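Have a look at the structure below before the remarks.
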Amino acid sequence: MKELPENTLNRLIIYLKVLENLEKKRVDSVSSEDLARLSGVNSAQLRKDLSFVGTLGTKGVGYSVKALKYNLKKFLGRTEEWNVIIGGLTPLSRYLIEHAQLQKEGFFIMAAFDTKPENIGVVIGGVSVYNLDQLSYVCKAIKVDIGIIATDEDQETYFSAFVQHGIKAILNLSNYPLFPEDEKIKVENLSIVHGLTKLSYYLKNLGS
């Protein structure tokens, strides 16, 4: 397997989102030039990225939207189902639990965890909130693939607990980045404030 650069991975995810949108619009095929334009890259970059997937378009026709979407989903692990747990009972975690789209995409939230006594035992959309001390019990009961940290409070506590219990894929939605010491553990740091700060920088320096 070729080592996949992170920037390439990010672009492949964008291609998949564009293809899903095209399929919703009932578009059957798309040229490399149009797919590249809709994805914010040039066609040479698109073809280079798709070479990792092993997918080639047809000259004069382009790509089958349905076939390319499937191949990308398979390559990205999106044709499988993944068990997810959430750390921190917050409005954000409640939204994620109740957001049916995640299940449609193959991500099933199996349990939530918190450290506050008043939140333990709460059930949201069929998902129970456990004490973080019960993480070991839940991990033995089900295979946990991904952990989500959805709170700025005690985010390092959740992070340490997830890592300690062998969870190797963590989505950190807090405003504070987390970095594992073990390179086999993958953490994706996503923050609205981070994105807005980048935009504020661009706005501040427009025309300078």
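The values are calculated or read from the model by the stated rules, or taken from the named source; none is laboratory data. This is a predicted model, so every value here is computed, not measured. So basically every Cβ, Gly included, is an ideal-geometry build from the backbone, and we count neighbours across all protein chains shown.
A few comments on the model shown:
- Meets criteria (surrounded by fewer than 16 Cβ atoms within 10 Å (Cβ to Cβ), not assigned by TED's automatic domain parsing to the domain that holds Tyr137 and not in a loop (DSSP other than H, G, I, E, B)) for Lys17: yes
- Selection count where residues are in contact (Cβ under 8 Å) with a residue 40 or more places away in the chain and either assigned to a strand (DSSP E or B) or farther than 18 Å from Thr151 by Cβ (or both), scope the range 82-102: 6
- Exactly one residue out of Lys104, Lys69 is of a type in the set (D, E, K, R), closer than 28 Å to Leu12 by Cβ and touching a Leu at 6+ places or on another chain (Cβ under 6 Å): that is Lys69.
- Test: residue in the range 129-141 that is at pLDDT below 95 and within 20 Å of Tyr95 (Cβ to Cβ): no
- In the range 135-155, residue nearest to Asn189 (Cα to Cα) [restricted to those that are touching a residue at least 24 places away in the same chain (Cβ under 8 Å) and of a type in the set (D, E, K, R)]: Asp152
- Search result, residues across the range 103-122 that are free of Cβ contacts under 8 Å to residues at least 12 places away in the same chain, surrounded by fewer than 17 Cβ atoms within 10 Å (Cβ to Cβ) and in contact with a strand residue (DSSP E or B) (Cβ under 7 Å, 6 or more places away or on another chain): Gly121
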